[in-house]
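Inspection log for the structure reproduced underneath, given as structure tokens.
The values are calculated or read from the model by the stated rules, or taken from the named source; none is laboratory data. Not measured: the values here are computed from a predicted model. In this analysis, Cβ positions are derived from the backbone assuming ideal geometry, glycine residues included, and neighbour counts consider all displayed protein chains. With ligands, DNA and RNA removed, areas are computed over all heavy atoms of the protein, side chains included. Shrake-Rupley method; radii C 1.70, N 1.55, O 1.52, S 1.80 Å.
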Amino acid sequence: ADAAVDRIVEEWTESVRWKAMGHAAAARAGAGGAVLALGGKGQGNDLALYDVETQQLAFKAKPPTLNWIGYRAPPWVSALQFMPGSDCKRVLLGTGEHALRLYDVRTDKRAVLDLSVGEAVITSL
């Protein structure tokens with residue numbers, strides 16, 4: 001037998017399609033696929049959580065506050081991860097500006113933790 005033969009493990013079929021975010025750069029499914037987290041690059045593309053069944057926006061993060069010179073960098077979400085044991089209520093995201101942000105959708109629309117980490121784009125969490 002040839003070990004290099006391709007084999008189909010499972011076939012997928014598209015069951016639904018909808019427009020969630022214009023310029024998504026990072027995505028993560030949680031709660032068995034019931035929640036979809038998206039983040040992107042550019043204004044209006046910060047963290048967003050969607051209920052997959054209803055296809056509705058469940059949470060939209062507010063951008064960080066202005067810095068000391070009055071500037072707010074446009075969002076650049078480069079990595080996403082739901083925190084284990086949080087039932088998709090806490091989301092950690094990495095940014096292109098080498099920051100880690102923790103959002104808790106039960107408490108606030110702004111990050112509850114914002115840390116600068118290193119000098120490179122965070123691509124994995």
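Scan (1) within 19 Å of residue 110 (Cα to Cα); (2) within 13 Å of the chain's Cα centre (by Cα) for the single condition residue 20 breaks and write down its number.
Among (1) within 19 Å of residue 110 (Cα to Cα); (2) within 13 Å of the chain's Cα centre (by Cα), residue 20 violates only (1).
Just to be sure, is residue 74 more than 15 Å from the chain's Cα centre (by Cα), surrounded by 11 or more Cβ atoms within 10 Å (Cβ to Cβ) and under 22 Å from residue 22 (Cα atoms)?
Judged against the criteria, residue 74 is a match.
What's the total number of residues in the stretch 85-104 that are open to solvent by less than 40 Å² (accessible area, probe 1.4 Å) and not in a strand (DSSP E or B)?
Looking only at that region, the number is 3.
Could you check the stretch 25-55 and list, in sequence order, the residues that are in a strand (DSSP E or B), open to solvent by 60 Å² or more (accessible area, probe 1.4 Å) and either on the phi > 0 side of the Ramachandran plot or among the hydrophobic types (A, V, I, L, M, F, W, C) (or both)?
Within the stretch 25-55, 25, 27, 29 meet the criteria.
Just to be sure, is residue 58 part of a strand (DSSP E or B), among the small types (Gly, Ala, Ser), surrounded by fewer than 19 Cβ atoms within 10 Å (Cβ to Cβ) and under 11 Å from the mean Cα position of the chain (by Cα)?
For residue 58, the condition - part of a strand (DSSP E or B), among the small types (Gly, Ala, Ser), surrounded by fewer than 19 Cβ atoms within 10 Å (Cβ to Cβ) and under 11 Å from the mean Cα position of the chain (by Cα) - is not met.
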